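Student: There's a structure below that I have some questions on.
The values are calculated or read from the model by the stated rules, or taken from the named source; none is laboratory data. Remember, it's a predicted structure, so these values are computed and weren't measured experimentally. Note that each Cβ is placed from the backbone with ideal geometry, even for glycine, and that neighbours are counted across all protein chains shown. Protein only, heavy atoms only, side chains kept; ligands, DNA and RNA dropped before computing areas. Shrake-Rupley method; radii C 1.70, N 1.55, O 1.52, S 1.80 Å.
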Amino acid sequence: MNKIKFLGTAGARFAVSRQIRMSGGLWVTVDDTNILIDPGPGALVRCLSSKPKLNPLDLDGIILTHRHLDHSNDVNIMIEAMTNGGFKKKGVVFAPQDAYQDDPVVLKYVRDHVENIEVLKEKGSYTIGEVTFETPVKHIHGVQTYGLNIFGNNCSISYITDSKYFTGLESYYPGDILIINVVLYEERKHIQHLCLLDAEKILSANKPKLCVLTHFGMTMIKHKPWVIAEKLTKKYDVKVIAARDGMEIDIDSYLS
Ligand SMILES: [Zn+2]
């Protein structure tokens, strides 16, 4: 079964540091390949307390779309958990260059635990297990940041991680399943995040088979994301879901 499990749905500093919503990132299973994306604070706890439990030893790789803490906080403990404390060398870690340099979020001493450490670049193409993925464009987000297009045999998933909106952003993310990080209810000029109007622009242009909104900041949470999702579904004739902590999506059920 191809699926996406939302280990957390909080975005940006306040919703995450107050744990208004959880912040463990996404666990994606496609073609028997297990990928953890953006393991924010609590990722390990969320995996182990999931029902059924998600076993970090089953992971084939971990991807950081960027180094911000709400996307990377648990990467080191997840590397240890994926490799049985470093005793079973396996898996691949993918992250932009600045996650490895200077003040690295991927600690040097755990890098030996995994089989490969790879650097994400604009227009990059990568493999994890049976799955390929691409990082089509550099986002506007203060640190090196890349969204993902993930390709299985029968499905494609686009993940638009944090970014300020820029013209044409949507054209890079044509996946059947489109996940958008919507931190802001309304645009705030100096904050490099998508707002609800940006998300509307993207999903109405792309018309994916399913659009999932997640990574909510305080203003989105106050406006009840599930109510917003229902309105957008009617307005644009695209199935839109607001992610909930622990929610699991059966990808195949949206592809027929
Ligand atoms: Zn960020």
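Student: Using θ = phi - 60° and the Karplus form 6.51 cos²θ - 1.76 cosθ + 1.60, what ³J(HN,Hα) does each residue of segment 250-256 get, whole Hz, x for Gly and Pro?
Tutor: 8, 4, 4, 5, 9, 9, 6
Student: Distance cut-off 20 Å, Cα to Cα: go down the list Lys5/Lys90; Lys3/Lys239; Lys5/Lys209; Lys121/Lys209 and report the pairs above it.
Tutor: Values: Lys5/Lys90 22 Å; Lys3/Lys239 17 Å; Lys5/Lys209 18 Å; Lys121/Lys209 28 Å.
Violating the 20 Å limit, Cα to Cα: Lys5/Lys90; Lys121/Lys209.
Student: Full extension from Glu115 to Asp176: what is 0.36 nm times the residue separation minus their Cα-Cα distance, to one decimal in nm? Please list the in-between numbers first.
Tutor: Details: separation 61, 0.36 × 61 = 21.96 nm, distance 3.06 nm.
Residue separation times 0.36 nm, minus the Cα-Cα distance, leaves 18.9 nm.
Student: What is the gain in length, in nm to one decimal, between Asp252 and Asn154 on full extension, counting 0.36 nm per residue of separation less the C-alpha to C-alpha distance? Display every interim value, and only then the final one.
Tutor: On the way: separation 98, 0.36 × 98 = 35.28 nm, distance 0.85 nm.
In short, 34.4 nm is gained.
Student: Further question: Convert each backbone phi in segment 80-88 into a coupling constant with the Karplus relation 6.51 cos²θ - 1.76 cosθ + 1.60 (shift: θ = phi - 60°), then list the ³J(HN,Hα) values in order as whole Hz, x for Gly and Pro.
Tutor: With the stated coefficients, segment 80-88 comes to 4, 5, 5, 10, 6, x, x, 7, 10 Hz.
Student: Using the Cα gyration tensor of segment 1-147, with a ≥ b ≥ c the square roots of its eigenvalues, what is the shape: rounded (a/c below 1.5), prolate (a/b larger than b/c) or oblate (neither)? The partial results should precede the final answer.
Tutor: Working: a/c = 1.24, a/b = 1.03, b/c = 1.20.
Rounded shape, in that the Cα axes give a/c under 1.5.
Student: With charges only on Cβ, +1 for K and R and -1 for D and E, what is the dipole size of the chain about its Cα centre, in debye, rounded to 20? Could the numbers behind the result be given before it?
Tutor: Details: 30 positive and 30 negative charges, 161 e Å.
The calculated dipole for the chain is roughly 780 debye.
Student: Turning to a different aspect of this structure: Under a 10 Å cutoff between Cα atoms, tell me which one of Val45, Val212, Val183 has the largest fluctuation in the Gaussian network model of the chain.
Tutor: Val45
Student: Considering only DSSP beta bridges where both residues belong to the chain, give the percentage that are antiparallel (nearest 5).
Tutor: Working: 27 of 52 bridges.
In the chain, approximately 50 percent of DSSP beta bridges are antiparallel ones.
Student: Something else: Taking the Cα centre of segment 22-95 as the origin, how large is its charge dipole in debye, to the nearest 20, when only Lys and Arg (+1) and Asp and Glu (-1) carry charge on their Cβ atoms? Spell out each step's value before the answer.
Tutor: Numbers: 7 positive and 8 negative charges, 43 e Å.
Here the size comes out at about 200 debye.
Student: Per residue, how much accessible area does the chain have with a 1.4 Å probe, in Å²?
Tutor: Details: 11380 Å² over 256 residues.
Per-residue value: 44 Å².
Student: What's the extension gain from Lys51 to Lys3 if we count 0.36 nm per residue and subtract their Cα-Cα distance?
Tutor: On the way: separation 48, 0.36 × 48 = 17.28 nm, distance 1.41 nm.
Length difference between fully extended and current span is 15.9 nm.
Student: Between the alpha-carbon centers of segment 65-99 and segment 182-254, tell me the distance in whole angstrom.
Tutor: 27
Student: Turning to a different aspect of this structure: Sort largest first and round to whole Å: the equivalent ellipsoid semi-axes of the chain, each the square root of five times a Cα gyration tensor eigenvalue.
Tutor: Values: eigenvalues 141, 75, 64 Å².
Whole-Å semi-axes of the equivalent ellipsoid: 27, 19, 18.
Student: How would you rank 76-89, 137-150, highest first, on the average number of other Cβ atoms within 10 Å across their residues?
Tutor: Working: 76-89: 16.8, 137-150: 20.1.
Those peptides, ordered most packed to least, come out 137-150, 76-89.
Student: What FRET efficiency would be calculated for the residue pair Glu186, Phe87, taking the C-beta separation as r and a Förster radius of 35 Å, to the nearest 0.05? Please list the in-between numbers first.
Tutor: Numbers: r = 49 Å, r/R0 = 1.41.
The formula returns an efficiency of 0.10 here.
Student: While we're looking at this one, here's another question. Which percent of the accessible area of segment 1-141 is formed by carbon and sulfur heavy atoms (probe 1.4 angstrom)? It would help to have the intermediate numbers written out before the result.
Tutor: Values: 3040 of 6150 Å².
Within segment 1-141, the accessible surface is 49 percent carbon and sulfur.
Student: How would you classify segment 185-242 from its alpha-carbon gyration tensor, with a ≥ b ≥ c the square roots of the eigenvalues: rounded for a/c under 1.5, else prolate if a/b is greater than b/c, otherwise oblate? Write down the numbers at each step before the final one.
Tutor: Details: a/c = 2.18, a/b = 1.43, b/c = 1.52.
Taking the square roots of the gyration eigenvalues as a ≥ b ≥ c, segment 185-242 is oblate.
Student: Long-range amide H contacts for Asp32: which residues qualify at under 5 Å (H placed 1.01 Å from N, peptide plane, sequence gap of 5 or more or a different chain)?
Tutor: none
Student: Classify segment 117-242 as rounded, prolate or oblate from the Cα gyration tensor: take a ≥ b ≥ c as the square roots of its eigenvalues, call it rounded if a/c is under 1.5, otherwise prolate when a/b beats b/c and oblate if not. Each step should come with its number before you reach the end.
Tutor: Values: a/c = 2.05, a/b = 1.32, b/c = 1.56.
Oblate, because a/c is 1.5 or more while a/b does not exceed b/c.
Student: Can I ask one more? Amide H of Met247: which non-local residues (sequence gap of 5 or more, or other chain) have their own amide H closer than 5 Å, using H built in the peptide plane?
Tutor: Here the answer is Phe6, since their amide H atoms fall under 5 Å of that of Met247.
Student: Using only helices, what value at 222 nm comes out for the chain when you add -39,500 (n - 2.57) per DSSP H run of length 4 or more and divide by the total residues, to the nearest 500 deg cm²/dmol?
Tutor: On the way: 8 runs with 57 residues, N = 256.
It lands at -5500 deg cm²/dmol.
Student: With θ set to phi - 60° and the Karplus curve 6.51 cos²θ - 1.76 cosθ + 1.60, what are the ³J(HN,Hα) couplings of segment 7-16 in order, to the nearest whole Hz, using x for Gly and Pro?
Tutor: For segment 7-16, the Karplus-derived couplings read 6, x, 9, 8, x, 6, 4, 6, 4, 7 Hz, x marking Gly and Pro.
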